[in-house]
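Enquirer: Structure in structure tokens, see below.
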């Protein structure tokens, strides 16, 4: 979040869902979030939920308001494209960030053209992961605020 007059603005509630089959990548992402301004908490304010595959993520998406989904290019039982299809069926779809050890221009172009928010290369580079998550959260929160404003105006 941006600061105004030197006072940091609090981050509104935001849930992140990570669909990642590799334990070391899940641990790396958790460590990045724990060190950053994205303190990973277990209450309902900001919460990181980790699932190993697309199918195991679906109940989480149905049960909690999720703002960002971070999904490995290929999981044990699916792909980021399948996750995107699941997200597109939701009333208020979260933003999708695709991750891969082979995050080349081809993946980046395909992901953005099909509707993903961004692509992160692995192993995660903490400043880049934080930057992408900060931008994604700002985008999602702005979109949510616009939706609330429109609902109140009608």
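Where a number appears in this text, it was derived from the coordinates with a stated rule and is not lab data. All figures in this text were calculated on a predicted structure; none of them were measured in a lab. Because the Cβ atoms are built from the backbone with ideal geometry, glycine has one as well, and the counts that use them run over all protein chains shown.
Enquirer: How would you rank 131-137, 86-92, highest first, on the average number of other Cβ atoms within 10 Å across their residues?
Expert: Top to bottom by mean Cβ count within 10 Å: 131-137, 86-92.
Enquirer: Now, a different point. Assuming R0 = 35 Å, can you tell me the calculated FRET efficiency for the pair residue 103 and residue 138, based on Cβ-Cβ distance, to the nearest 0.05?
Expert: Using R0 = 35 Å, I get an efficiency of 0.95.
Enquirer: Which FRET efficiency value, to the nearest 0.05, do you get for residue 55 and residue 149 by plugging their Cβ-Cβ distance into 1/(1 + (r/R0)^6) with R0 = 35 Å?
Expert: Working from the Cβ atoms, E equals 0.50.
Enquirer: Here's something else I'd like to know. Could you work out the per residue convex hull volume over the alpha carbons of the stretch 44-105, in cubic angstrom?
Expert: That works out to 95 Å³ per residue.
Enquirer: Beyond 21 Å, what share of the Cα-Cα pairs of the stretch 92-154 remains, rounded to the nearest whole percent?
Expert: Tail of P(r) above 21 Å: 33 percent of Cα pairs.
Enquirer: Any chance you could run the full-extension gain for residue 65 through residue 110? It's 0.36 nm times the residue separation minus the Cα-Cα distance, nm to one decimal.
Expert: Contour length minus the Cα-Cα distance gives 13.5 nm.
Enquirer: Note the per residue figure in Å³ for the convex hull of the C-alpha positions in the stretch 9-153.
Expert: Cα-based convex hull of the stretch 9-153, divided per residue, equals 114 Å³.
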